[in-house]
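The values are calculated or read from the model by the stated rules, or taken from the named source; none is laboratory data. Keep in mind that what you see is a predicted model, and the values were worked out from it rather than measured. Because the Cβ atoms are built from the backbone with ideal geometry, glycine has one as well, and the counts that use them run over all protein chains shown.
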Amino acid sequence: RYVLQERESKLYEYAKRFSAKLSNLVPFIGFCDREFDRYDHYQARVLFARTRDFAILKPQNNDDVVLEEFSHPAIHKPKPISVDFRSNLLMITGVNAGGKTMLLKSLLSASLMAKYLIPMKINPHKSRIGSFKRIEAVIDDPQSVSNDISTFAGRMVQFSHLFEHKSALVGVDEIELGTDSDEAAALFAIVLDELIKRGQKIIVTTHHKRLAALMADRDDVELMAALYDEERRLPTYEFLQGVIGKSYAFETATRYGINPAIITRAKSLYGENHEKLSVLIERGSELERSLKRKNREVDERLESLKTQESALKEAREHLRVELDAEKAKLRTGYDEAIREAKEAAKGMDMAAIHRQLNKAQAKLPKPEPIKIAEPEPIKYEVGQTVKYRSQRGTVVSVGAKDAMIEVEGMRVRVKLTDLKPSGNLPKKPKVTVTSQIDQKSGLKLDLHGLRGEEACERMDKFLSDALLQGFDEVIIYHGIGTGKLSYAVKEFLKVHPSVKSFTDAPQHLGGFGAKIVRL
């Protein structure tokens, strides 16, 4: 017994020492337990949301409640609703059993689930819910016989508690319950105004139009009507924003067996003006439904056009990628041919250089010729005065594409496209000029050893003589040298009006030291 007692005392002493060491860690261990519990809760919610195709909405830093395709979690096979509630007060009107209370509870439940990060069935990309410190619901009938309190008195007690809070989301079902609707409308209009001033966001359902009419002119009040299918006698669970809903009291009484004569007398007592108001309300609802249907059709059409636009963009991008690939391929071949030409140039092989340059040029894509509408040809007559370059002459004969004109006593055959009509000028004395130009099979001009100005004068006279003799292609030799004479020749040929084009001569005709000129 003594040994056992000593053993127990030692164990107790050890336990005290261990407890003294571990007591400082108790808050940290408790913190770890709480955080792991919270993490387990979040993980369980995420896994639950994934298995049910639900979403978790994080509250935003505002008081907007925008729901898109939200389904109430407590309703079997619910119809998804879409609500845009950004104002301070939302008033839901319409017939009994039309879905007003369901919409109220949906707004409150969605806000509550977002506040505590509970998964819900909703479109998270188009929905957002604000952050509220409290969510209050005034829904049940507070009447109590034991406490000797009426329905209206109980409602007043509930409303008195609402003034104690700020930044709360409040839902009130059948706000005018238990008292005269006209008096309640005036009272609750002031009560709601005071609650809004305290920063509260309120949702109210009612089927009395008096309160809705009193609050409808405010900018911070949103109206919403519950729709009812009178032909099928079923609620549609659809809602229209911006209108006051019809109550369908007379229609409901008729449907459930009330004598039609009684209904007729009731309508007469209700008044013709009120009946017209109900008709206008219903007509407004029908127009709103029609507009909603047309908007849906336009949205579908717009979505189809967006899909087609996306497909066209993808096709264009695909073609652009293919074009870039082809361009890169052609550029690679061109660069390779240029590289080979440079290698040949190092060996001073002129024939190889020209072959490689022609090879590189052949690899480039041929540009599409630009088609320009040709103007109507001008018809010239014999004896008509025309302008040819800077001189005027007279038409001697006209062919299909050219004409013979007489300029200062000299006859020249020119193309019709080079002529322009001119006013009739007085005829000058006819002078006969004899050209001393030798007729050759081709015209050549050698400019070696000349300065730039002298070369330009020689080329001007040379080209004029060639035109007079009817040549359409000549060759001009200028050599290579320092390049100054070659540059002067090219600049002169660029601006000469009778030169169609010019290129370097082939290798056997002078290569870079000569130009083939087409007139």
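Points to keep in mind about this one:
- Selected residue (criterion: modelled with the lowest pLDDT) from residues of the range 465-495 that are in a loop (DSSP other than H, G, I, E, B) and crowded, with 16+ Cβ neighbours inside 10 Å: PHE471
- When residues of the range 17-33 are limited to those that are of a type outside the set (A, V, I, L, M, F, W, C) and surrounded by 10 or more Cβ atoms within 10 Å (Cβ to Cβ), the one nearest to LYS77 (Cα to Cα): ASP33
- Of all residues in the range 203-214, those satisfying the criterion of being within 13 Å of LEU89 (Cβ to Cβ) and touching a helix residue (DSSP H, G or I) at 6+ places or on another chain (Cβ under 6 Å) are ILE203, THR205, LEU211, LEU214.
Quick grid of which residues meet (1) under 27 Å from ILE196 (Cα atoms); (2) of a type in the set (Phe, Trp, Tyr); (3) not in a loop (DSSP other than H, G, I, E, B):
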{"residue": "HIS76", "(1), (2), (3)": "no, no, no"}
{"residue": "LYS79", "(1), (2), (3)": "no, no, no"}
{"residue": "ASP84", "(1), (2), (3)": "yes, no, yes"}
{"residue": "LEU90", "(1), (2), (3)": "yes, no, yes"}
{"residue": "THR93", "(1), (2), (3)": "yes, no, yes"}
{"residue": "THR101", "(1), (2), (3)": "yes, no, yes"}
{"residue": "LEU108", "(1), (2), (3)": "yes, no, yes"}
{"residue": "SER111", "(1), (2), (3)": "yes, no, yes"}
{"residue": "ASP140", "(1), (2), (3)": "yes, no, no"}
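- Residue in the range 25-43 that is outside the structural domain of ILE139 (by TED's automatic domain parsing) and polar (S, T, N, Q) present: yes
- Meets criteria (closer than 15 Å to PRO124 by Cβ and surrounded by 10 or more Cβ atoms within 10 Å (Cβ to Cβ)) for LYS79: no
- Top-ranked residue in the range 153-174 [being of a type in the set (A, V, I, L, M) and surrounded by fewer than 21 Cβ atoms within 10 Å (Cβ to Cβ); ranked as modelled with the lowest pLDDT]: ALA153
- For the range 52-76, a residue qualifies if it is surrounded by 15 or more Cβ atoms within 10 Å (Cβ to Cβ), of a type in the set (D, E, K, R) and under 28 Å from the mean Cα position of the chain (by Cα), and exactly one does: GLU68.
- Among the conditions (1) at pLDDT 75 or above; (2) not charged (D, E, K, R); (3) not in a strand (DSSP E or B); (4) not assigned by TED's automatic domain parsing to the domain that holds SER498, the only one that GLY393 does not satisfy is (3).
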